[in-house]
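Structure first, commentary second.
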Amino acid sequence: MLYLGLFLTIASGFIFIHCLSVKFTLIEKAGLSFPLGMALTCFLMLLLDQAHIPLAAAPLLTTQALLVTGLCAFVYFYRKDAFASLREPALLPSLKGANLVWLLFILATAYAEYMNFSKCMYFPPSDRDSLTAFDTIGYIAAQEQTFKGISLFDASYMPDIHGPASSITYAPLVQLSYAYVYALGAATSKIIPGLMYLCFLVAFYGATLRVAGRTGAAVATFFVLLTPEMLGFSSLSMTNVIHAVFASLSVIYMSLWFRTREKKDLLLCGALLGGNILCRTEGIVFTGAVMLLLWVDALRRKQYRGPALSSLLAFVPLVVWTLYSKLNGLYAESIAITHPFWDAEKIGTISSYMWLLYTNTLYYGWTFIVFLIAFLANLWFLVRKRDSLWLLLGIGLSMLFYMMVLYQIDYKWDTIHNVMSYSSKRFLFCFIPMIWYFSLTNHAVSSLFRRLEQFLVIRQTR
C-alpha cells in the first residue's frame, strides 16, 4: 500500500502541474510532483478529518484516487494540448550541447545526494524536535486515525499542550505527511524528507536551467546541495528543509514570472506559497513579500486576474488551516506582541545575531560570500536594466519581514538568544536556494557561463 500511496501522490502532483499549465519542462514536473502532491494530500487529509472520516489506508487511497481522476478530467477537458506537450522538444530533457564541466557537476551532485538519501533512509528519526513533535504526532495520528483529536492534544493527558509555542499550533504538512505513510504501513517516516530533498534538487535544477543554462544550473544545484547545515538537516525529520523547498521555489518562480510574464509561473508560485504556509506559520513572511510585489506590479500595470488567481492558491490553505484550528480547539497561549513598541536592545540583539548567521561559513559555506560577489558583479546591469531586481526585492523583503516577526515575538518559552542561535539558523535555509539562484542567473554571471558552454562545445566538437 505504501508504494501505491507514493505513486498516487506523485501522480496527483504531476497532473496538478498540468492543470496549471502544460508548458513546464519535464525536469520541472518531475521535481515538483512529489512536493505538490504531498501538499495536496495533506490538504485533503485536513478536510477528511474535519468530516470525521478516519485517516486510515482505505479512505486515504480512495480519496487520492478520486483526486487523480478529477485532475485527469480537468486536464482532458481544459488542457487538450497536454499530451502533445509531452512530445514537444523544448520541454524534454536533451543532451544537446552538453559538456564535461556540466557532466562533472551533475555526477558529483548525483553521488552526494545518493549518499545523503541513503543516510536519511538508514537512520530512524532521532532528533529531539521530531521525537517530541513532528514524527510522534504523525505516528499517533496514523494509529488513532485522526489529527484533531489525538491523545497528545488532550489537556488532561498533556497539561502543557496549550502553553506558549506548543506543538498543537504547528502547521500540519509535515505531521500529516508522516501520518500518511505510517497509515499505509511504513516502518519509518524518513521517505518523506528523503524524497522531498531529492525532488527539490531536481526542481531547482529545472528552474535554474531556464535562465542560467545547463552548466550554470548544475553548478548552482551542486553548491545548494553542499550547504553544510542544510545538508545535515535534510536527512532529519524536522520541518526546516521541507519548508525551504516550498518557500525558496515560490520566490524563484515569482522571479521567473517577472522575467518571462508567463502565467504558468505565477500560478505555480501561488501553489508553492500555499504549501509554504502549510509547512510553517512563519512562512507568512514569504507570502507577504511575494504578494506585496505582485500586487504593486498589478496596480501599476492594471492587470489583476493573474495575481488574483495566485493569491487564491496561496491563501486558501491558510484559511482552511486557520478555520480547522479554530473549530477543533488547536490553540496555544499567544507569543505575538500585537501592538507597536520600541525596544532598541531587542533590535540590536536581532540584528547582531542575523549578521553573525549571514557571515557564518560553518553553517552556510560560501553562500553569502558568493552572493555579495555576484551582486557587485551585476550591479551595473541591476541599475541600468533592473536585472534580477524583483528577485532581490523578494529576498530582501522576506528577510526584513522575518526580522519584524522576530521582533514582535514575546519569548515566553525560551530566550531570544537561543531562538536566534538555533531556530533562526534553520529558518535561513529558505534563503540558500534563492541566493544561489540569483548568483548563477544574474546577467553578469549567466552570460559568462553561456560563453563557457559555447567554448566547451566548440572544443569538444573539434
Those residues of segment 395-413 that are open to solvent by less than 30 Å² (accessible area, probe 1.4 Å) and within 17 Å of Val251 (Cβ to Cβ) come to a total of 3
Here the qualifying pairs (Cβ atoms under 6 Å; residues six or more apart or on different chains; first in segment 109-124 and over 18 Å from Tyr178 (Cβ atoms); second in a helix (DSSP H, G or I) and hydroxyl-bearing (Ser, Thr, Tyr)) come out as Thr109/Thr221
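Of the residues that sit in segment 244-271 and are more than 10 Å from the chain's Cα centre (by Cα) and among the aromatic types (Phe, Trp, Tyr), which one is farthest from Phe204 (Cα to Cα)? It would help to see each step written out before you state the result.
Let us first name the residues in segment 244-271 that are more than 10 Å from the chain's Cα centre (by Cα), namely 252-271.
Subset that is among the aromatic types (Phe, Trp, Tyr): 253, 257-258.
Values: Tyr253: 10, Trp257: 15, Phe258: 17 Å.
My answer is Phe258.
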Taking into account only those residues within segment 311-332 that are of a type in the set (Phe, Trp, Tyr) and open to solvent by 50 Å² or more (accessible area, probe 1.4 Å), which is farthest from Asp154 (Cα to Cα)? Phe315
Evaluate segment 293-310: report whether one residue or more is of a type outside the set (Ser, Thr, Tyr), open to solvent by 30 Å² or more (accessible area, probe 1.4 Å), closer than 29 Å to Ser424 by Cα and in contact with a His (Cβ under 8 Å, 6 or more places away or on another chain). no
I'd like the full set of residues that are in a loop (DSSP other than H, G, I, E, B) and free of Cβ contacts under 8 Å to residues at least 24 places away in the same chain, limited to segment 214-266. Arg261
Look at Ala171 and say whether it is open to solvent by 10 Å² or more (accessible area, probe 1.4 Å), more than 24 Å from Val101 (Cα to Cα) and either in a helix (DSSP H, G or I) or in contact (Cβ under 8 Å) with a residue 24 or more places away in the chain (or both). no
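To keep it simple, each residue is scored yes or no on (1) assigned to a helix (DSSP H, G or I); (2) among the charged types (D, E, K, R); (3) open to solvent by 40 Å² or more (accessible area, probe 1.4 Å); (4) at pLDDT below 95.
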residue: Ala11; (1), (2), (3), (4): yes, no, no, no
residue: Phe16; (1), (2), (3), (4): yes, no, no, no
residue: Phe24; (1), (2), (3), (4): no, no, no, yes
residue: Leu36; (1), (2), (3), (4): yes, no, no, no
residue: Phe43; (1), (2), (3), (4): yes, no, yes, no
residue: Pro59; (1), (2), (3), (4): yes, no, no, no
Looking at the structure I just gave you, is Ala271 open to solvent by 10 Å² or more (accessible area, probe 1.4 Å) and among the small types (Gly, Ala, Ser)? yes
Condition check: within 26 Å of Lys385 (Cβ to Cβ) and free of Cβ contacts under 8 Å to residues at least 40 places away in the same chain. Does Ser447 satisfy that? yes
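State yes or no: is Ser352 open to solvent by 60 Å² or more (accessible area, probe 1.4 Å) and within 28 Å of Ile335 (Cβ to Cβ)?
Values: open to solvent by 60 Å² or more (accessible area, probe 1.4 Å): yes; within 28 Å of Ile335 (Cβ to Cβ): yes.
Yes: the conditions hold for Ser352.
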Being over 18 Å from Ala212 (Cα atoms) and either modelled with pLDDT of 95 or more or outside any helix (DSSP H, G or I) (or both) is the filter here, so list the residues in segment 381-404 that pass it. Leu393, Gly394, Ile395, Gly396, Leu397, Ser398, Met399, Leu400, Phe401, Tyr402, Met403, Met404
Could you list, in sequence order, the residues of segment 126-163 that are more than 22 Å from His52 (Cβ to Cβ), open to solvent by less than 40 Å² (accessible area, probe 1.4 Å) and over 25 Å from the mean Cα position of the chain (by Cα)? Gly163
When you scan segment 428-438, do you find a residue that is under 22 Å from Met238 (Cα atoms), part of a helix (DSSP H, G or I), in contact (Cβ under 8 Å) with a residue 12 or more places away in the chain and open to solvent by 10 Å² or more (accessible area, probe 1.4 Å), even just one? no
Residues satisfying the stated conditions in segment 94-145, i.e. modelled with pLDDT under 95 and outside any helix (DSSP H, G or I): Ser94, Leu95, Lys96, Gly97, Ala98, Asn99, Phe123, Pro124, Pro125, Ser126, Asp127
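Working carefully through the options Ala183, Ala207, Ala187, find the one that is open to solvent by less than 10 Å² (accessible area, probe 1.4 Å) and either on the phi > 0 side of the Ramachandran plot or aliphatic (A, V, I, L, M) (or both).
Numbers: Ala183 fails: open to solvent by less than 10 Å² (accessible area, probe 1.4 Å); Ala187 fails: open to solvent by less than 10 Å² (accessible area, probe 1.4 Å).
Ala207 is the lone residue from the list that is open to solvent by less than 10 Å² (accessible area, probe 1.4 Å) and either on the phi > 0 side of the Ramachandran plot or aliphatic (A, V, I, L, M) (or both).
The values are calculated or read from the model by the stated rules, or taken from the named source; none is laboratory data. Here the structure is a predicted model, which means the values were calculated and not measured. Methodologically, a virtual Cβ is constructed for each residue, glycine included, from the backbone with ideal geometry; neighbour enumeration extends over all protein chains shown. Note: areas computed on protein heavy atoms with side chains; ligands, DNA, RNA excluded. Shrake-Rupley method; radii C 1.70, N 1.55, O 1.52, S 1.80 Å.
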